[in-house]
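Trainee: Provided herewith is a single structure, encoded as structure tokens, for subsequent inquiry.
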Amino acid sequence: MSKKIIPYGRQHIDDTDIEAVVQALQSDFLTQGPKIAEFEQAFAEYVQCKYAVAVANGTAALHLGALALGLKEGQRVLTTPITFAASANCIEYCGADAHFIDIDEQGYLIDLDLVEKELREAEKGTFTGIIPVDFAGNPVQLERLRKLADQYGLWIMEDACHAPGAYFKDDSGREQRSGNGAFADLSVFSFHPVKHIACGEGGMITTNDKVLYEKLITLRTHGITRNADLYENSVELANGASGFEDYPNWYMEMQHLGYNYRLTDIQAALGCTQLQKADAGIERRTDIAQKYANAFDGKDFLKGQSGVVEGHAYHLYVIEVERRRELYDYLREHGIFAQIHYIPAHLMPYYQKKGWKSGDFPKAEKYYQHCISLPMYPGLSDEEQQYVIERILTFYHG
């Protein structure tokens, strides 16, 4: 195979996606039109929840979710250090403090045994909520986490940005999809180009809680509502009539300090067609994962790998190896742009200034020393994947 650029991830756009975007551009709405509601309904059905709220990106989803849950200055929220910084940053946006818990070494997820230990040993009321992360597409066992959250009075916001279509089996053997609201108060998703569903940018918040849903709808648009009848403190005009009654096609009022975190109809149109291909994308990702797992199983250079796990959505395929930096450079020399996911969040300068330090979470830090994410996306051809595998085997065994 001739040398070419193989990224770790990329979007898959076909003619149906292009046609949908063109139709949106030719419609009467470029933003906040009918495609938003269509995308929200289709996504809610896909993850099997009641409500979905489309927003500008995954970070906006996390921020709005924290606000809707009432996170306040001085409160503390548990999360994992192995994640993109936004999972912790949304806590800080609200003036609260992110409190990290180490990972388990098998699934690279927040260690629920350590979560239980932290909650048991902390003074009652120390923590307000928890943000578990479905890292790489591997879903957290939320049924167990819900029991802990209820015992200690915590809310749960699931960061499912890596995991649309993922699921775990509950104690009854039923499949529980990431984002279905059965155990988490809120779940958030991202539609960045390397994710399963690509909108350029975009995000979604799902929930089964109508009160949270209505808060989110308002918060994503400056805290403004057009339905003043929902609020006891809505504006009264001089004649005593509510503004909404006098101006049914125009009136609006700001009830909360919200944000402009809206998605456009153009992006939602793309999201609708991308969603139609989501299951096929996961099927292809699983095939790729199986091929990697088979190729590296039992190799002496391997310290760990994602493997093939039921319900995994395979946003990433991670292997842990010795001489990681040398392998990283070697692969790039051969046109393979592998990636590192992630530098532990507690080692970022911002969080070190808040007191976190090297040595706080040995399993996360050990993982980071060895992890490398291999190309994983539906458009990766069998030939390209075989080339990646051969380069890695050649690097270690000559």
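Trainee: Consider D17 against the criteria (1) open to solvent by less than 70 Å² (accessible area, probe 1.4 Å); (2) of a type in the set (D, E, K, R); (3) at pLDDT below 95: it satisfies all of them except one. Which criterion is unmet?
Mentor: Going through (1) open to solvent by less than 70 Å² (accessible area, probe 1.4 Å); (2) of a type in the set (D, E, K, R); (3) at pLDDT below 95 one by one, D17 breaks only (3).
Trainee: For segment 95-106, give me the residue count where each residue is part of a loop (DSSP other than H, G, I, E, B) and of a type in the set (A, V, I, L, M).
Mentor: 2
Trainee: Shifting gears a bit: In this structure, does I288 turn out to be closer than 22 Å to N57 by Cα and either within 25 Å of the chain's Cα centre (by Cα) or open to solvent by 70 Å² or more (accessible area, probe 1.4 Å) (or both)?
Mentor: No, not satisfied.
Trainee: Which number in (1) open to solvent by less than 70 Å² (accessible area, probe 1.4 Å); (2) in contact (Cβ under 8 Å) with a residue 40 or more places away in the chain marks the one condition that V308 misses?
Mentor: (2)
Trainee: Can you spot a residue in segment 359-372 that is assigned to a helix (DSSP H, G or I) and of a type in the set (A, V, I, L, M)?
Mentor: So far as segment 359-372 goes, yes, one or more of its residues are assigned to a helix (DSSP H, G or I) and of a type in the set (A, V, I, L, M).
Trainee: Now a separate question. Looking at the structure I just gave you, is T206 more than 18 Å from D279 (Cβ to Cβ) and not in a loop (DSSP other than H, G, I, E, B)?
Mentor: Against the criterion (more than 18 Å from D279 (Cβ to Cβ) and not in a loop (DSSP other than H, G, I, E, B)), T206 does not qualify.
Trainee: Moving to a separate point now. Does segment 25-50 hold any residues that are more than 23 Å from E175 (Cβ to Cβ), open to solvent by 20 Å² or more (accessible area, probe 1.4 Å) and not polar (S, T, N, Q), and which are they?
Mentor: If the condition is that a residue be more than 23 Å from E175 (Cβ to Cβ), open to solvent by 20 Å² or more (accessible area, probe 1.4 Å) and not polar (S, T, N, Q), then L25, D28, F29, L30, P34, K35, A37, E38 are the ones that fit.
Trainee: Still on this structure, please answer the following. Only one of (1) assigned to a loop (DSSP other than H, G, I, E, B); (2) open to solvent by less than 20 Å² (accessible area, probe 1.4 Å) is not met by V318, so which one is it?
Mentor: (1)
Trainee: Which numbered condition in (1) in a loop (DSSP other than H, G, I, E, B); (2) surrounded by fewer than 20 Cβ atoms within 10 Å (Cβ to Cβ); (3) of a type in the set (A, V, I, L, M, F, W, C) is the only one that A313 fails?
Mentor: Of everything listed in (1) in a loop (DSSP other than H, G, I, E, B); (2) surrounded by fewer than 20 Cβ atoms within 10 Å (Cβ to Cβ); (3) of a type in the set (A, V, I, L, M, F, W, C), A313 misses just condition (2).
Trainee: Here is a follow-up. Examine segment 191-214 for a residue that is touching a residue at least 12 places away in the same chain (Cβ under 8 Å), touching a Pro at 6+ places or on another chain (Cβ under 7 Å), on the phi < 0 side of the Ramachandran plot and open to solvent by 10 Å² or more (accessible area, probe 1.4 Å), and state whether such a residue exists.
Mentor: yes
Trainee: Further question on the same structure: Just one of A136, A184 is of a type in the set (G, A, S), in contact with a strand residue (DSSP E or B) (Cβ under 8 Å, 6 or more places away or on another chain) and part of a helix (DSSP H, G or I); which is it?
Mentor: When all the criteria are applied, what remains is A136.
Trainee: Take segment 385-398 and flag every residue that is open to solvent by 20 Å² or more (accessible area, probe 1.4 Å) and assigned to a helix (DSSP H, G or I).
Mentor: If the condition is that a residue be open to solvent by 20 Å² or more (accessible area, probe 1.4 Å) and assigned to a helix (DSSP H, G or I), then Q386, Y387, E390, R391, L393, T394, F395, Y396, H397 are the ones that fit.
Trainee: When the residues of segment 292-305 are filtered to those that are part of a helix (DSSP H, G or I) and free of Cβ contacts under 8 Å to residues at least 40 places away in the same chain, which remaining residue is nearest to the chain's Cα centre (by Cα)?
Mentor: Selected residue: A293.
Trainee: Now a separate question. Show me the helices (runs of 4 or more DSSP H) found entirely inside segment 1-94 where at least 2 residues are within 30 Å of Y387 (Cα to Cα).
Mentor: The qualifying helices (runs of 4 or more DSSP H) are 15-25.
The values are calculated or read from the model by the stated rules, or taken from the named source; none is laboratory data. Only a predicted model underlies this, so the values are computations on that prediction, with no experimental measurement involved. All Cβ positions, glycine included, derive from the backbone under ideal geometry; neighbour counts span all protein chains shown. We work out accessible area using only protein heavy atoms, side chains counted, and drop any ligands, DNA or RNA first. Shrake-Rupley method; radii C 1.70, N 1.55, O 1.52, S 1.80 Å.
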